[in-house]
Structure formats: C-alpha cells, structure tokens
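Quick notes on the structure that follows.
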Ligand SMILES: [Zn+2]
C-alpha cells in the first residue's frame, strides 16, 4: 500500500502535469459543520465554506479535476465561488486556480505564493522542477501577515506562518465554527513533506506554525490537514504531531552535534518509534526522506 502511494507521489513529482492520470479520481464531499465541507480528490484537501453571500474555497487541487470539483460544490450550494484562499503555492493546491478564476473567483494568498508561482522552482531534495503558472492562476489579492473574510456570523482568517512547509504558508481559522484548515502544515498518518533546501521550508517553522494554531484552539477544534483524513480528536492529534516533530528534530540535532553524517543518522533510524503512526497507508514519504528533511532543515 505504502509502496503504491509512494510510487504515485514520485510520479506526480517527476512528470509534467499532462502526464498524470486523473481519470479514476472521484471527488468526495464531507460535511464538517452547518456550512463547511471538505472535498477529497487528488492533491490537497479542499475546504468549502458556504456563506449566505457566496462561497469561499480553500485550495483548488489540480486543473484536470476542476469540473468534478465544480459538480461536487454545486451539490452543496448553487451560489458562486467568490474567493479561493491558497494555503501555499504547490500545484496540488493551486492547479485549479485558473479555471475557477475564469469563472469569477478571486484568488487570495500570501504575497510569496504569487512570487513562487511566477517563477521556475527547482527543489533538489525531491529532484522536482515546477514551471511558472499561467497569469490566470496567480493570486490577485495578496497579504503579508493575515487577512480576514467576514460572512454572516463567521470570520475566516488566513494567518501566515513563515518558513514552514514552504515559505508561502497560511492556515485558515474559522472564528465561529472553531475549525482550522492547516494546509500542508499538518498531514494525517504521514510524515510531512517540507520544502527545505531552496524552498524556504523548515521543520522548526512547521513546529512554530502548529503552536500558533494550537493557541487558537480548544479541545473541540476541528483540524483539517492538507493530506489524509480529518484527524479524530483534532487538537490531541496536532499536539502529538508537534511532539513527534520536536522529538525527531532533537534526536537528529544531537546526532549532528556528535559528528554523525547524514547517512549515519539515516541508518540510526531516529524516527523508528513513530513509524507505526506516520508510515501508514496514507504516507507520502518514507522514514529515510523524512530524516533527510530534518537533517537539511537543521543544517541549511
Ligand atoms: Zn504542499
């Protein structure tokens, strides 16, 4: 199972977009609260907030899925999508932007989402090259710290986290519904992919982002991860996830201080006691890659 997911992931990273096969992908819609839904398909989990005055969508998955996503959203509400908030620049979260903006949605994201999407990005860690996005896919409203959307009794606030999964991240907090969509600051049942080495990301930044989100949370907060199922007991999951990152990062840091090489640290398996929880069927990267990410985060 893991091998299959990894193979699909590596394929997704190394082939041009048109070579990916989305023909079998179905969009599953899960109702989280009165007016908030999560859509699963391929790529980052989409959030759909159905306000009284239109829809706000969080992330847009791949362009090839836009029609299927539109069908799923039309079953939720006949209202137009007014805004799309991108949690970060990765194409599995922004690939549908151009299609939805052509239909009238305003794309909103951190200023650096626009910057990263406008240029060619090469990440040596994943041997992955992303070409600039078309103009129609770029955010037309950008922010540096945070931005709020007000609709009825709900306020959605996108809050920037510097140098975390990427250098473009924001999570989205729902003040009334007590929901936080974390984007790729949180993965369910998987170690996180982090754009260390030229991508501006770091394990330390992700830990800080989780702490920032936990400050806004209570025991009942519903956390949405960027990839994988909605974690049951969200706040406890996020606390555990933060502890996992902290523990592994400390171990690797100590090994570096002892003079161990990257290969020696990988061989020492600093993730071993967490692998049962984070190398499940949903895992996007293996323990070796995650150890590499931690090592690079600490030495870059
Ligand atoms: Zn991502």
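The values are calculated or read from the model by the stated rules, or taken from the named source; none is laboratory data. From a predicted model like this one, the values you see are computed outputs, not experimental measurements. Cβ coordinates were reconstructed from backbone atoms using ideal geometry, including for glycine residues, and neighbour counts include every protein chain displayed.
Give me a count of the residues in the stretch 71-82 that are surrounded by fewer than 21 Cβ atoms within 10 Å (Cβ to Cβ) and either touching a residue at least 24 places away in the same chain (Cβ under 8 Å) or under 20 Å from the mean Cα position of the chain (by Cα) (or both). Total satisfying the criteria: 8.
How about the stretch 219-286: which helices (runs of 4 or more DSSP H) wholly inside it have at least 1 residues that are modelled with pLDDT of 95 or more and under 25 Å from residue 176 (Cα atoms)? If you could, list the steps in order and put the result at the bottom.
Values: elements: 234-257, 262-267, 275-278.
Counting at least 1 such residues, we get 234-257.
Where strands (runs of 3 or more DSSP E) fall entirely within the stretch 106-199, those with at least 1 residues that are away from the ligand (no atom under 16 Å from the Cβ), in contact with a strand residue (DSSP E or B) (Cβ under 6 Å, 6 or more places away or on another chain) and closer than 18 Å to residue 58 by Cα are at 106-110, 141-143, 146-151, 154-160, 170-174, 179-181.
Residue 29 - would you say it is surrounded by fewer than 21 Cβ atoms within 10 Å (Cβ to Cβ) and either at pLDDT 95 or above or not in a helix (DSSP H, G or I) (or both)?
Working: surrounded by fewer than 21 Cβ atoms within 10 Å (Cβ to Cβ): yes; either at pLDDT 95 or above or not in a helix (DSSP H, G or I) (or both): yes.
Criteria met by residue 29.
Restricting the stretch 198-216 to residues that are over 16 Å from residue 183 (Cα atoms) and touching a helix residue (DSSP H, G or I) at 6+ places or on another chain (Cβ under 7 Å) leaves a set whose member that is modelled with the lowest pLDDT is 198. Quick check on the stretch 95-105. Is at least one of its residues within 21 Å of residue 194 (Cβ to Cβ) and touching a residue at least 60 places away in the same chain (Cβ under 8 Å)? Yes - at least one qualifying residue is present in the stretch 95-105.
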